[in-house]
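Read the figures in this text as sums done on the coordinates, not as results from a lab. A quick note: this is a predicted structure, and the numbers were derived from the prediction, not measured. Counting neighbours? That spans all protein chains shown, and the Cβs are built from the backbone with ideal geometry, glycine included.
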Amino acid sequence: MLFTPVNDFGFIVDNFGSTYTDAALGVSCPSNASANVKSADVNLLNGIAEDCYAIAICFVGSTAAATIRRSLVDILVDPAAGVGNSGSTWSVLIPNLLVFNPVLNLGGGVWYYFPLYVKAGTAIGAAHQCVTAVAQPLRIAVRLFGKPSHPELCKAGSYVESFGVVLGTTSGTGITPGTGGAMGSYTASLGTSTENLWWWQCGFGYNDVSLTSDEILWFDVAAGDATNKQLCLQNVQWSCFTGTGDQGGMVALGANLPYKNIPSGSDIYMRSISIGVGVSTTPQVCAYGVGG
């Protein structure tokens, strides 16, 4: 019989630090003091020592009771920084990740995971815009994975497409969650893929603070057309806790590993269900696909 090994990573590097709190995890990346405008670029992690094939991202430290802190964050790279050096000439690797009131305590942070190739010597950075006209706090923790034990089994992309982003209002696209145990209807198309894509993530935020009690939502991402859709990402969980402020958290993965080959020219959709009782009237979503 043929034995097929699994891949694991022998190199891991991050900026998490040793203090796991909302005030200390990762690196501070406050928003621009002007609403809906990206901040100055912030170095998150100096040039990495090995080629890496995936990046995990956690957002924490930006929450307040009855306050909207909805953000869009670009993850940046400077491939020419050099090992151990901070970046200076940035380009966007992952565009406009939607983040809402992320907190480590209770919420567990807002998480994303992308299988992307990042070459040795690359520095990792970020730029942050918020819906408010005041600079808002945000901390970003990143972890990269390299030295695959079986490179032939390690698939990594080179770009990310975003869907549903509304830059001018630091928003996503509106969605109506299902209630009473039923999944809601799909949104109208969030956008059309311009490249072939094969890995999927999603983001969520509110446009109000009308919650009166805790809420749990699940999200699906699908692709295709108005009548024929393939599920790409299933049952990703968002949690919001209202007892000590609107504290949010989201996991990166749901009920499936989000590998789904979707050709260019496909429309992207999302649907959701509210499992809690504190249903917001204006939830918003974005989706992200990896290609290359």
Charged-residue dipole, Cβ positions (Lys, Arg, Asp, Glu), segment 58-172 about Cα centre, Debye nearest 20: 220 debye
With labels modelled as points extended 7 Å from the Cα through the Cβ direction, what inter-label distance (nm, one decimal) is found for Thr194 paired with Ser88? 3.0 nm
Which FRET efficiency value, to the nearest 0.05, is calculated for Ala135 and Thr4 with the Förster distance at 45 angstrom and r the Cβ-Cβ distance? 0.35
Where labels lie 7 Å past Cα in the beta-carbon direction, separation of Ala35 and Ala226 in nm: 3.4 nm
Between Thr179 and Phe16, what length in nm is gained on full extension when 0.36 nm per residue of separation is reduced by their alpha carbon distance? 55.0 nm
In the chain, lysine pairs closer than 29 Å at Cα, eight or more apart or cross-chain: 9
Suppose every K and R has +1 on its Cβ and every D and E has -1 on its Cβ; what is the size of the dipole of the chain about the Cα centre, in Debye to the nearest 20? 60 debye
Assuming 0.36 nm per residue, please report the length gained on full extension of the stretch Glu152 to Val166 beyond their Cα-Cα distance. 1.2 nm
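Kirkwood Rh over alpha-carbon pairs of segment 144-194, then Stokes-Einstein at 4 °C and 1.567 mPa s: what D in µm² s⁻¹, rounded to an integer? Don't skip to the end; give the middle numbers.
Values: Rh = 15.0 Å.
Diffusion coefficient, whole number: 86 µm²/s.
Please work out the FRET efficiency for the pair Val251 and Lys119, using the Cβ-Cβ distance as r and a Förster radius of 41 Å; give the result to the nearest 0.05.
0.90
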Taking other Cβ within 10 Å of each residue's Cβ, how do Ile175, Ile275 sort, fewest first? Ile275, Ile175
Quick one: Debye curve from the C-alpha atoms of the chain, no solvent, what's log10 I(q)/I(0) at q = 0.16 Å⁻¹? -1.31
Inverse mean reciprocal Cα-Cα distance (Kirkwood Rh) of segment 1-112, Å: 16.1 Å
